[in-house]
Structures are given as structure tokens and as C-alpha cells.
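Working notes, structure below.
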Amino acid sequence: MGKVIAVANQKGGVGKTTTAINLAASFAATEHPTLLLDIDPQANCTSGVGLNPRSVTASTYEVLIGDVPVEDAVRSTEMPFLDMVPSHINLVGAEIEMVDVLERERILKQALRSARRKYDFVVIDCPPSLGLLTLNSLTAANSVLIPVQAEYFALEGLGQLLNTIKIVRQHLNPELELEGVLMTMFDTRLRLSNQVADEVRRYFGDKVFKTIVQRNVRVAESPSFGKPVLLYDATSKGARNYIALAREILNNNQRFLSEAEETQEESTPSGTNRRPNTAATEAGDGAVSSSPNTNGDTLPESSPSTPASGFSL
Ligand SMILES: Nc1ncnc2c1ncn2[C@@H]1O[C@H](COP(=O)(O)OP(=O)(O)O)[C@@H](O)[C@H]1O
Ligand SMILES: [Mg+2]
């Protein structure tokens, strides 16, 4: 049973799509079967891995609205361990079409129930809003990863997102945890970037990933070639940052992965298991310590002006 990670922040341009693509690609590069699911009508994530959203026949839209099984919408990508459920511009109307559906916030969760068994991770690229598409993602997810751009007003609007997460926990998905807060587009030359990182750490404490994604032109260029940065320029800073992020998350989720492996072994006939031996990929990364993130985290209660000291992890 794969771990479902929703990459969410209702602010546009903070690095959600970039993170979803490159984190999923980095999991795949370390031979963890991964499904990338694009639930943003803009479909940047879909084109970013080289699929043409206009030629897609079954997308997240059909999964949500048309009762199409996720398996029928899954497409393979250039990377052997990376599959994708593409998005389509039709998704723009999905929120309205879903309004009358019973349990409309749980449609994606139900849809992913069987498909996620084949993967170690399902990474969802959320749209820049807190509407029904993001609610479906947060309800289907085990955890949420929040990218924060290292710029002025970085924390602005996060109170609203945290409040939404709290409501989802109360009513729809009590297990939802915070995978972590990721600093993106960090510019080491700017004092501002460091100041913002300090402020984010003051608020979120060790929920902030140790890995920071630096501003890197290769990261920005790679989507126009329909490739994750890892395939576009594997030696770039951006590629290395996202591999480090994947390692950090893998280290934080050792228990989840071994439990998932046991469940899969029980449910998969021998010989058909896609899962490679993962031991080698996670071993020996001494830089990353074991997780504070796996369990029992409590989100900050109020607005992001509250310091991190107010919540237990
Ligand atoms: N680390 C980075 N270095 C340089 N450019 C980046 C980086 N991360 C994201 N970008 C660029 O910033 C813009 C917004 O990123 P995107 O991932 O699309 O954000 P979102 O999905 O939150 O709207 C895109 O043009 C993207 O290429
Ligand atoms: Mg996006």
C-alpha cells in the first residue's frame, strides 16, 4: 500500500508542480515504484513529464467524474518506475460537477484504493486553490508536503492552508500528517532567502525539511523538454536537491515502507511483485537522521505568526 503524498499550497508559483514531478522522479530513480497524479486543470505536471494533455484519453477528470478506474488512466513515462495519471483542462469543471455527488470529498480516496497497492508512493500535484480538488487530495493522502517559496510573504496564506488541513483531519481524514515544509527557489546569495528560512523554521520547527531546493535554471528549463530535471541534467544542483529530498523522505518513512512491503507480499502472488529490493537505496545516508515526521504531529493551531514552540511533534 503506497504512501499518498499531496503536494499542496493554495498559492500559485511556489514550486508545487516542480516538486511533485521531481520528487516522484527521484523516488522512481531510487527504484521505488511511484505514481504521479496530476489534479490541477492547468496540467503542467502532465506536460512536465512529456505527456501531451490534449491527447490524453482518460485523465484525473474521468477518474473523478466518469467512474473510470485509475488503472485505466495510468500512463507510463520515460522512467521505468514512474507512472502517471494525467490531467486535462476538463478538470476546470469538475468541482461544479462533483457538487451533487455523495461523499464528494472522498471520490479520489476511493478511486486510489486498489491502484495504490502497486506503488511505494503516490504523489499528487494539487491546484493553487483550496477547493474540492485539493480537498479530495488531502482526503486521499497520508501526508501533505507544503512547498514554501523563499520570498517575502512566504508565510502569508499558510494559516488558511493549515486550517483546511485541520478541518480535513477533523471530518474527513484523521490520519493526515504533515510530511514536511519544503523551502523552494532558495537563493543562497540572498540574505532574504536565509531570513525567510529562519522565519519558516521558527514557525514549523523540525517539520521543515533539512533539504532545501535552490533556485536553479535547469529546474526551470526541464519542463519545456518534458523531462524531470534528473533526466534533463542529472548533475545539476536542482537534480541533486530533489534526490536529497527523496532520500530524506525515504528515511523518514522506513516503517511505512516496510509495512507496505509486508502488505504487498500478502496480497501479491509471488513472481508478480514489481517491487525491487529497496535496501541499497536507503542505506548509508548518514546525513539524514531518523524521522521526526512519521507520526503524531500536531499542526500549529492558529495563524503563522504563532511560533513553532507552541506545538508538539
Ligand atoms: N528550484 C527552482 N529553480 C528555478 N525555478 C523554479 C524552481 N522551482 C520552480 N521554479 C519555477 O517557478 C515557476 C513556478 O513553479 P511551479 O512548480 O509551477 O509552481 P506551482 O505549481 O506552485 O504553481 C515555474 O516556472 C518553475 O519552473
Ligand atoms: Mg502547479
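Of note:
- Taking amide H as placed 1.01 Å from N in the peptide plane, the amide H of Gln214 sits under 5 Å from that of Phe186, each at least 5 places away or on another chain.
- Neighbour counts of other Cβ atoms within 10 Å put Arg215, Arg54, Arg169 in the fewest-to-most order Arg54, Arg169, Arg215.
- Neighbour-count order for Ile212, Ile167, fewest beta carbons within 10 angstrom listed first: Ile167, Ile212
- Sorted fewest first by neighbouring Cβ atoms within 10 angstrom, Ile146, Ile89, Ile243 come out as Ile89, Ile243, Ile146.
- Amide H to amide H, with H built 1.01 Å from N, Gly180 comes under 5 Å of Val144, Ile146, counting only residues 5 or more places away or on other chains.
- Karplus-based coupling profile of segment 236-251, in residue order and whole Hz: 5, 4, x, 4, 5, 4, 6, 5, 5, 5, 4, 4, 4, 5, 4, 5, with θ = phi - 60° in 6.51 cos²θ - 1.76 cosθ + 1.60 and x standing for Gly or Pro.
- In order along segment 128-141, the phi-based Karplus estimate (6.51 cos²θ - 1.76 cosθ + 1.60, θ = phi - 60°) of 3J(HN,Hα) comes to x, 7, 10, x, 5, 5, 5, 4, 4, 5, 5, 6, 7, 8 Hz; Gly and Pro are listed as x.
- Among the listed pairs Lys118/Lys227; Lys3/Lys109; Lys109/Lys166; Lys11/Lys207; Lys16/Lys237, a Cα-Cα separation exceeding 21 Å is found for Lys118/Lys227.
The numbers here are math on the coordinates, done by the rules we state, and not lab data. As the structure is a prediction and not an experimental result, all values here were calculated from the model. Backbone-built Cβ (ideal geometry, glycine too); neighbour counts: all protein chains shown.
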